[in-house]
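Here the structure is laid out as structure tokens; the discussion comes afterwards.
The values are calculated or read from the model by the stated rules, or taken from the named source; none is laboratory data. Note that this is a predicted model, so its numbers are computed, not measured. We place every Cβ from the backbone using ideal geometry, glycine too, and count neighbours over all the protein chains shown. Areas reflect the complete protein model, heavy atoms only, side chains present, ligands, DNA and RNA absent. Shrake-Rupley method; radii C 1.70, N 1.55, O 1.52, S 1.80 Å.
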Amino acid sequence: MTQIYPSILELPQDKVRDELDKLVGLADTIHFDVADGKFVSRNNLELMSPAFIDSLQWTGGKNVHLMCQNPGSYFDSFIAVGSNEIIFHQSACEKPMELIDELKEKGVRPGLALSPDSPLDKIAPFADSIDSLLLMSVYPGAGGQPFIEATLHKIKLAKKLFPRLKIIVDG
């Protein structure tokens with residue numbers, strides 16, 4: 001089954017509520033891109049803060065993609081506002097398996113993200129422990145980039161190698 005998760009990265013805060021209202025009945029889950037200015041150059045932590053996400057009163061799923069160094073330090077604050085799926089870049093932390101286990105213990109679906117240049121074999125050691133694989137079709141942290149065509153091949157290969165995983169494409 002194909003699902004579409006509308007994504008929020010750059011929308012001004014005063015416009016987000018209006019856009020979410022348009023999605024009621026069309027989208028079950030919203031994808032929030034969160035960047036710390038360290039793992040990627042963009043910093044939108046103030047815009048996409050847990051408090052702001054909570055203020056939206058979105059009753060559906062909240063998929064949070066942490067483009068942040070030390071992503072585990074953000075887990076509790078996003079879980080507290082109802083994030084039911086958290087995806088992070090394994091290259092942003094030293095012990096991804098520990099973070100995956102932490103999310104599972106807290107009742108949150110864990111996922112890993114791969115930048116366009118990262119090979120799929122980086123996921124293999126974690127594939128049985130995560131629920132989703134997010135494939136970046138642009139370089140993380142900046143909106144408005146052109147779609148990287150090689151992502152289409154990567155999607156097909158990921159579906160073949162990891163049939164149990166939900167494959168998410170971001171960008």
**Request:** Return yes or no: is Asp54 surrounded by fewer than 17 Cβ atoms within 10 Å (Cβ to Cβ) and outside any loop (DSSP other than H, G, I, E, B)?
**Result:** yes
**Message:** Looking only at segment 62-78, count every residue that is open to solvent by less than 20 Å² (accessible area, probe 1.4 Å) and either touching a residue at least 40 places away in the same chain (Cβ under 8 Å) or farther than 24 Å from Leu112 by Cβ (or both) and tell me the total.
**Reply:** 4
**Request:** Output yes when any residue across segment 37-44 is assigned to a strand (DSSP E or B), buried (at least 20 other Cβ atoms within 10 Å of the Cβ) and at pLDDT 85 or above, and no when none is.
**Result:** no
**Message:** For segment 121-145, give me each residue that is of a type outside the set (Gly, Ala, Ser) and farther than 25 Å from Lys38 by Cβ.
**Reply:** Asp121, Asp128, Asp131
**Prompt:** Just checking, how many residues over segment 102-118 are out of contact with any strand residue (DSSP E or B) (no Cβ under 7 Å at 6 or more places or on another chain) and open to solvent by 60 Å² or more (accessible area, probe 1.4 Å)?
**Reply:** 4
**Message:** Six or more apart or on different chains, Cβ atoms under 6 Å: show the pairs whose first residue is in segment 16-37 and under 12 Å from Gly61 (Cα atoms) and whose second is at pLDDT below 85.
**Reply:** Ala27/Pro6; Thr29/Tyr5; Ile30/Pro6; His31/Tyr5; His31/Ser7; Phe32/Ile8
